[in-house]
Amino acid sequence: MKKFSVFIILSILLFSNNSNSDQKDVIKNLMQRPLNYLDLGIINLERDMERSIDRIISRYTSRLLANLIGDRKEEVEMAVIYNWRKTAVTASISIPMSSGLGENDYLSSSNKCREIFDDVRHNLLRSQPESSLSESQVASYLVEKFYPPSNQPWTLPEDYRKSLVKLVLLEVVLRPTNKYALSKAVLPVSCNGNLAEEKGDIKVVHNTTIQ
């Protein structure tokens, strides 16, 4: 009986050691995987977009309903992806709407979309020293996001910095809630552009029509 117990203990220890060894191999493998700068930029943009959601909800939610901000955040969808076909990084935020997306609301919904775009954009750029929106301000912000602090090339050629600005797009989608979409047969409204785009030049897509 003692021999059997010893055998069991040795087996458990051996299995445990093998298991730990396997885990260490996985850790070593993960540590050897390079994090490229595109991945780094997407991760940093995701983090900043998450922060912007709180500010957008707080702005468009009554102070009396401030305690619902956490619940409202659950309704907001956010993603940052690289589109290989378009060669663009798209930071997208989708906000549910219960009214204001009908055909007669084209102008107001377009303005609303651009307004939220502008709010998100300024929230992303708020750490930049420049107070006025400019391509240079946006380029500096994106260099911070796509390059690690130890290797931020402030002397990048101007053409490269401009291309970096054009590479990253912000998209805002005003989507109808399920109840609103079923009752009024309305479609989402979206607007998009790069972070240096003038507010009036931000493209608006409404019922497949581009302004």
Query raised in the report: Which condition number in (1) surrounded by fewer than 18 Cβ atoms within 10 Å (Cβ to Cβ); (2) more than 25 Å from Ser163 (Cβ to Cβ); (3) of a type outside the set (A, V, I, L, M, F, W, C) is the one that Ser109 fails?
Result: (1)
Requested in this report: Inspect all residues belonging to region 146-157 and state whether any of them is in a helix (DSSP H, G or I), surrounded by 16 or more Cβ atoms within 10 Å (Cβ to Cβ) and in the same structural domain as Ser190 (by TED's automatic domain parsing).
Outcome: yes
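Given the criteria free of Cβ contacts under 8 Å to residues at least 12 places away in the same chain, more than 18 Å from Leu38 (Cα to Cα) and in a loop (DSSP other than H, G, I, E, B), does Ser132 qualify? Working first, answer last.
Details: free of Cβ contacts under 8 Å to residues at least 12 places away in the same chain: yes; more than 18 Å from Leu38 (Cα to Cα): yes; in a loop (DSSP other than H, G, I, E, B): yes.
Yes; evaluated as a whole, the condition is true for this residue.
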Requested in this report: Return a yes/no flag: does region 111-126 have any residue that is part of a helix (DSSP H, G or I), free of Cβ contacts under 8 Å to residues at least 60 places away in the same chain, on the phi < 0 side of the Ramachandran plot and in contact with an Asp or Glu (Cβ under 6 Å, 6 or more places away or on another chain).
Outcome: no
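The values are calculated or read from the model by the stated rules, or taken from the named source; none is laboratory data. Keep in mind it's a predicted model, so treat the numbers as computed, not measured. Ideal geometry is used to build each Cβ from the backbone, glycine not excepted, and the neighbour counts take in all protein chains shown.
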